[in-house]
Amino acid sequence: MPVGDKKMIDFKKELNPAQYEAATNPQGPVLVIAGAGSGKTRTIVYRLAWLVEQGIPPESILLMTFTRKAAQEMLTRTEQILGRPLHGTNGGTFHSFAFSILRQNSAEIGFPNGFTLMDRGDCEDVIREVKSNFGFGQKDRSYPKKATLLDMVTKSRNKEVSIDFLLNSEAFHLACYGQEMEQISDGYAIYKKQHGLMDYDDLLFYLEELLSKDEFLRNSLRSRFQYIMVDEYQDTNLVQARIVQHLAGKNGNIMAVGDDAQSIYSFRGADVTNILKFPEIFNDVKIVRLEQNYRSTQPILDITNAILDGAANKFDKKLFTEKTWGKKPQLMIPLSDFSQSTRILDRIIELQKRHGPEEVAVLFRAGYQSYGLEVALKRLGVGYKKYGGLKFNEAAHIKDVLSFLRLVSNPADIIAWQRCLGHIKGVGPKTAQKIANTVISGDINAINKYTQKYSLLKDILADIDGLREKRSSPATSLEVVIPLYTPILVATYPDDYPRREAGLDQLLQIANNYTDLDSFLADMCLDPDQHREEAAQENVLTLSTIHSAKGLEWNAVIIIDLVEDRFPSRKSMHKPLEYEEERRLLYVACTRAKEELILSAPASLYRKNSDFNEPAVPSPFIRELDNYLFDELHESYSGGMNKQQIAAVPSFDTTPRNADSTPNKKNSSAQKLGHCTHKIFGRGKIIDKVDPNKLKINFPGFGVKVIVEDFVELL
DNA sequence: TTCACTTACCTTTTT
DNA sequence: GGTAAGTGAA
Ligand SMILES: Nc1ncnc2c1ncn2[C@@H]1O[C@H](COP(=O)(O)OP(=O)(O)OP(=O)(O)O)[C@@H](O)[C@H]1O
């Protein structure tokens, strides 16, 4: 018997009793609902290992996660535990799973010639096309932009509410466009269908359609996937939950895992009621709660609990840890976002010495917030990998090249035609469409007329036809397309083309991993992060958006730009539901830390329009925390970081100021508002009181500023 | 219809 | 200070 290197796993030793119960009871529906760091992911991994040890065929296991990377890591982890490879287990996202099923059954859902997946930019292009075909918003600058329109269209789809309802509930200022948006939405759907295109939402809805109408397929998938596990269930949307029901059945061997306090994707239609109602939807659900946090030290847990305590709807999480030791989190107040980069850089280097380069991460709300730090890191030669933010395959030159390959696979893809042909001199969107229609119709004479007029067109068409006939691999195809495209690249980006050429090389590297063109093209949408892995250096610092950091952990975590307007983002400030989601986002961020947590709230932000540093207020989530939860460090004008002198700095008091300590709004027109002084701008004249606690002040030499009143001293 | 120029408006988060 | 959309000449 080839027992060989097979390890014996002591499940009882590796798991606590609740985890053990969840991992080793595979029959029937199970819900694991528990706080951050309580070992939910670990439970899934051990369940996988346990199933395989019991002799369950790996290919009868389906693992759904929120990124492919997460799935991959869990499978790798399982292999390590088992001490042998795991073949045939299906792990991925709902979207990638849906794609794999749909491409084999495309005719059944009305795509007899297959379909092409669109990324965000393609969808926006279609929206623009549809909008202008309707003639909506012509010459009207205030008309919602294509990005906004697409947001509303997909959000109404994901939340499964009408556009009117959506606008009334969360974008009231757009409510007057409801009728036209409804039309755009319909037009968008028709356009996609006509041109063999699908967006991310279509994958899910068509899969649902297929599962509900094709009983044979449903049953065969059900018997194929006997054991289903879904991670991060709090961030699934309604249609995903229905897909799970189709696949598992109400009595199926389904394990859902999640934490309602970590729901951070409602902006794209995720609905936390999925996890809360799970016990009602499935039969005889075994509910497992985990209460021990194995990740973080007590002081970090204290601050994360305090962040949740401020939530409008309380979470009943009582996490405890045995790591009762540990450093208090630090709140750093650099003088500006500019100096934040250097101060943080100092800390990174110090932390990496103690924890190792890979055990340090910098997290932020939005991708652009790390730009300053990235410049500083590059200057010092500190390696890093970045997750989140701008996507490699959304860069114009990558999309250009890919659009050639898309035409090989789907000639009906007008959006791709427009990209390809748009670079020919004298050809714009309209001509491109005409040419495309001619090519599709196969009218040789008409095609020849065009190729005579546009010499480049001849080469393009010949290459596309050639590649289609030879059924060339993705890499071979790129090797044909890139030389064709390079002159265009050089002409379009005269100062920038070397960098972009390098990007095309990287694309070629990725293409080498594929034999099938359609899989390659789909994965460029479904797994937009793989180029990062491709180029990633080992054992380096991580920079990541918080969304992309979900489920991960590091010894030391730094969160930057924790100031009002940036975190929470300005748009969420006045929308209670979004505001609460921002709070959970901060909770997710802080709970990534095992031993050290540093929060940074620069005292001023550089504003491009005024070309000045304007004072910034720490995030309300920070202001509302009790001071004993963290140590506060302020950057002095000489550059060092000092423990705060309580009296010398403004207090971040959340309680409204006493009315008599500030000028009275009621009489502001009649009454003199007086003067004040500010740390940076000096003495100024108060012009007006705006918001509940902000003042409009004219500082001689600096101009008019709006400043939170805590930051000025009234005279 | 295309393209180069001008102007308005912001810059979440992701499959 | 960068993109997206409108303007007007060719
Ligand atoms: N029973 C246990 N014994 C030892 N370590 C554990 C145990 N359970 C979990 N851990 C460790 O705690 C850390 C957090 O676990 P895990 O990532 O599974 O938590 P999680 O609940 O998925 O967290 P999150 O919701 O934040 O993603 C990991 O380092 C894991 O190895």
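The values are calculated or read from the model by the stated rules, or taken from the named source; none is laboratory data. Here the structure is a predicted model, which means the values were calculated and not measured. FYI the Cβ positions are ideal-geometry reconstructions off the backbone, even for glycines, and counts take in every protein chain you see. Ligands, DNA and RNA are stripped out before the accessible areas are found, and what is left, the full protein with its side chains, is counted by its heavy atoms. Shrake-Rupley method; radii C 1.70, N 1.55, O 1.52, S 1.80 Å.
Solvent exposure of region A:1-151, expressed per residue, is 45 Å² of accessible area, with all protein chains present and a 1.4 angstrom probe.
Dipole orientation for chain A: of the candidates A:THR78, A:PHE278, A:GLY55, A:PHE278 has the Cα lying most toward the positive pole (charges on Cβ; Lys, Arg +1; Asp, Glu -1). Rolling a 1.4 Å probe over the protein heavy atoms of region A:385-476, with every protein chain left in place, gives an accessible area that is 52 percent carbon and sulfur.
Each residue was assigned an accessible area with a 1.4 Å probe, and for A:ASP463 the value is about 40 Å².
Summary of packing: across the peptides A:401-407, A:615-621, A:348-354, the per-residue average of other C-beta atoms within 10 Å ranks them, highest first, as A:401-407, A:615-621, A:348-354.
Taken per residue, the accessible surface of region A:392-526 reaches 47 Å², heavy atoms only and a 1.4 Å probe. Quick check on my link table: of A:LYS131/A:LYS434; A:LYS399/A:LYS434; A:LYS328/A:LYS694; A:LYS69/A:LYS353, which ones sit more than 25 Å apart, alpha carbon to alpha carbon? Beyond 25 Å between Cα atoms: A:LYS328/A:LYS694; A:LYS69/A:LYS353. Placing unit charges on each Cβ (+1 for Lys and Arg, -1 for Asp and Glu) gives chain A a dipole about its Cα centre, and among A:PRO618, A:GLY187, A:THR154 the Cα reaching farthest toward its positive end belongs to A:PRO618. Averaging Cα coordinates gives a centre for region A:527-587 and one for region A:478-505; these two points are 32 Å apart. Which percent of Cα pairs goes in each bin when the distances of chain A are cut into 10 angstrom slices starting at zero? Reading the bins upward from 0: 2, 12, 20, 24, 21, 13, 6, 1, 0, 0. Around the amide H of A:ASP631, modelled in the peptide plane, lie the amide H atoms of A:GLN330, A:LEU331, all under 5 Å away and 5 or more residues distant in sequence or on another chain.
Sorted on the mean count of surrounding Cβ atoms within 10 Å across their residues, most packed first, peptides A:208-219, A:130-141, A:22-33 read A:22-33, A:208-219, A:130-141. Proximity of backbone amide H atoms, modeled 1.01 Å from N, is registered between A:ALA536 and no other residue at under 5 Å, excluding neighbours fewer than 5 places apart on the same chain. Taken about its Cα centre, chain A carries a charge dipole of roughly 1040 debye when the Cβ of each Lys and Arg holds +1 and the Cβ of each Asp and Glu holds -1. When only the Cβ of Lys, Arg, Asp and Glu is charged (+1, +1, -1, -1), the dipole of region A:486-645 relative to its Cα centre reaches about 520 debye.
Per-residue 3J(HN,Hα) values for region A:128-135, derived from phi via the Karplus relation 6.51 cos²θ - 1.76 cosθ + 1.60 with θ = phi - 60°, read 4, 4, 5, 4, 6, 5, 6, x Hz in sequence order (x marks Gly and Pro).
When DSSP beta bridges are limited to those with both residues in chain A, what percentage is antiparallel, rounded to the nearest 5? Here the antiparallel bridges make up roughly 40 percent for chain A. Put simply, when A:487-498, A:234-245 are sorted by average Cβ atoms within 10 angstrom per residue, most first, you get A:234-245, A:487-498.
Assuming charge only on the beta carbon of Lys and Arg (+1) and of Asp and Glu (-1), the dipole of region A:116-195 about its Cα centre is about 140 debye to the nearest 20. If I compute solvent accessible area with a 1.4 Å probe over the protein chains, what percent of it on region A:46-192 is carbon and sulfur? Taking all protein chains in place, region A:46-192 shows 50 percent carbon and sulfur surface.
Here's the picture: charge each Lys and Arg Cβ at +1 and each Asp and Glu Cβ at -1 in chain A, and of A:GLY381, A:LEU517, A:THR476 the one pushed furthest to the positive end of that dipole is A:GLY381. Per residue, the solvent-accessible area of region A:533-621 (1.4 Å probe, heavy atoms of protein chains only, all protein chains present) comes to 36 Å². Amide H contacts of A:ILE559 (H built 1.01 Å from N, in plane; Pro and chain starts excluded): A:LEU363, A:ILE598, A:LEU599, A:SER600 sit under 5 Å, all sequence-distant by 5 or more or on other chains. Ranking of A:TRP325, A:TRP417 by solvent-accessible surface, largest first: A:TRP325, A:TRP417 (1.4 Å probe, protein heavy atoms only, all chains present).
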